[in-house]
Amino acid sequence: MKIDDLHPILRKSLIKGSDSKHPHISFVIPVSPPLEMVKQGISISLLNDAQNALNRLPAYDEMDELDKLINYLFVRREAVQSSR
């Protein structure tokens, strides 16, 4: 990717690599999320409930064949959608 292809905000956070073998490598440090999103966020009790629900799900090794199939379909769907 060329530096000109980056959004102007990301160009400001560009850091050049210090390796003499690869002088053209740069890194982008993403900006922090806006604090307004954090302040208006979900209550801790709702996050705790969500985490407890996730903890009750079986591990992949403990799933039966139908659960593994459904898991595969959701993972595949997410991969396809995120690559669009």
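The values are calculated or read from the model by the stated rules, or taken from the named source; none is laboratory data. Keep in mind it's a predicted model, so treat the numbers as computed, not measured. Neighbour counts run over all protein chains shown; Cβ positions are idealised from the backbone, glycine included.
Structural remarks
- The test for being surrounded by 10 or more Cβ atoms within 10 Å (Cβ to Cβ) and among the charged types (D, E, K, R) holds for residue 67.
- Residue match in the range 21-38 (condition: over 21 Å from residue 10 (Cβ atoms), under 21 Å from the mean Cα position of the chain (by Cα) and either modelled with pLDDT of 80 or more or part of a loop (DSSP other than H, G, I, E, B) (or both)): no
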